[in-house]
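Visitor: Okay, here's the structure, questions in a sec.
Each reported figure results from applying straightforward, stated rules to the coordinates on display, with no laboratory input. Everything quoted here is computed from the prediction, not taken from an experiment. Cβ placement follows ideal geometry from the backbone for every residue including glycine, while neighbour counts extend to all protein chains displayed.
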Ligand SMILES: *Cc1c(COP(=O)(O)O)cnc(C)c1O
């Protein structure tokens, strides 16, 4: 299958599932282009993709800059989805519109500092850790609300909602159910923070059942990565 065919197939599966769920709210399909060359980004742009995701600053930045240099940045949104070192915050906010992986207070400190003079608000998801494994990225569910309060009090940031990375080795439904409940808790205090970033190549249809609004899809569209 060609790139265009894989993209069309994934989009058809998303549309089918939304239809069967009776969902009419907007869903953002982000194509994760990590470990693929810049040319793939340009090809996806030609196919109509406008939301791109990357997980490393040193790879994302040149791609974002190249796309802009070619005059193709109209309506493009860059989503940063990977672990972010605080000392890279300034660099990432120079091109990323949305940061999905705000996973600790110290990174929030860095983002507040980095965005203080920025003209546009940087959108963020708080990444939650749904496991008992403290080594995994993400804040504990208990910390979510205090972090949300801090973000809401920051002019230069806009809280979109919660983000989770799957792969607990358990039924993804259990995990998506937890995310959905955290969203409910969050919107009671922050009504606009009602988005969920969840769902990847292997489970995006299930994620949609639990209210996912931002799907982060890599290999199902891009094919296998180089590494
Ligand atoms: C790579 C990546 C994805 C996409 O994974 P696929 O299984 O290739 O769809 C989604 N989210 C994050 C955080 C990633 O790093």
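Visitor: Over region 116-227, what is the relative contact order in percent, taking alpha-carbon pairs closer than 8 angstrom and at least six residues apart?
Guide: After rounding, I find 22 percent.
Visitor: Write down the radius of gyration of region 144-214 and its Dmax, each obtained from C-alpha positions, in Å.
Guide: Radius of gyration, then largest Cα-Cα span, for region 144-214: 12.6, 38 Å.
Visitor: What would the Debye formula give as log10 I(q)/I(0) at q = 0.17 Å⁻¹ for the alpha-carbon point model of region 92-157, no solvent?
Guide: -0.57
Visitor: Still on this model: What is region 1-126's relative contact order, in percent, from Cα pairs under 8 angstrom and six or more apart in sequence?
Guide: Relative contact order comes out at 18 percent.
Visitor: Let me have the relative contact order for the chain, percent, based on Cα pairs under 8 Å that are six or more residues apart.
Guide: 21 percent
Visitor: So how much slack lies between residue 59 and residue 188, counting 0.36 nm per residue of separation and subtracting their Cα-Cα distance, in nm? Mind dumping the intermediate values first?
Guide: Details: separation 129, 0.36 × 129 = 46.44 nm, distance 3.73 nm.
Extra length from residue 59 to residue 188 when fully extended: 42.7 nm.
Visitor: Further question: Hey, what D do you get for the chain in µm²/s if you plug the Kirkwood alpha-carbon radius into Stokes-Einstein at 4 °C and 1.567 mPa s?
Guide: Values: Rh = 17.8 Å.
D = 73 µm²/s.
Visitor: Using only C-alpha positions, report the orientation-averaged shadow area of the convex hull of region 5-123, nm², one decimal.
Guide: Projected area, direction-averaged: 8.5 nm².
Visitor: In the Gaussian network model of the chain, springs joining C-alpha atoms below 10 Å, which of 135, 143, 54 carries the largest mean-square fluctuation?
Guide: 135
Visitor: Among 139, 187, 27, which one moves the most in a GNM of the chain with springs linking Cα atoms closer than 10 Å?
Guide: Of the options given, 187 has the highest mean-square fluctuation.
Visitor: Highest first, please rank the peptides 124-131, 173-180 by the mean number of other Cβ atoms sitting within 10 Å of their residues.
Guide: Order by mean packing, descending: 124-131, 173-180.
Visitor: Separate question: Before rounding to the nearest 500, sum -39500 (n - 2.57) across all DSSP H runs of length at least 4 in the chain and divide by the residue total; then give [θ] at 222 nm in deg cm²/dmol.
Guide: On the way: 9 runs with 97 residues, N = 227.
-13000 deg cm²/dmol, from helical runs alone.
Visitor: For residue 50, project a label point 7 Å along Cα to C-beta. Then give me every residue of region 61-89 with its amide nitrogen under 18 Å of that point.
Guide: 64, 67-80
Visitor: Grab the Cα-Cα distance for residue 118 and residue 85, subtract it from 0.36 nm times how many residues apart they are, and report the gain in nm with one decimal.
Guide: 9.9 nm
Visitor: What's the extension gain from residue 143 to residue 5 if we count 0.36 nm per residue and subtract their Cα-Cα distance?
Guide: On the way: separation 138, 0.36 × 138 = 49.68 nm, distance 4.19 nm.
The span from residue 143 to residue 5 would gain 45.5 nm if fully extended.
Visitor: Among 63, 34, 113, which one shows the highest mean-square fluctuation when the chain is modelled as a Gaussian network with alpha-carbon springs under 10 Å?
Guide: So, out of 63, 34, 113, the one fluctuating most is 113.
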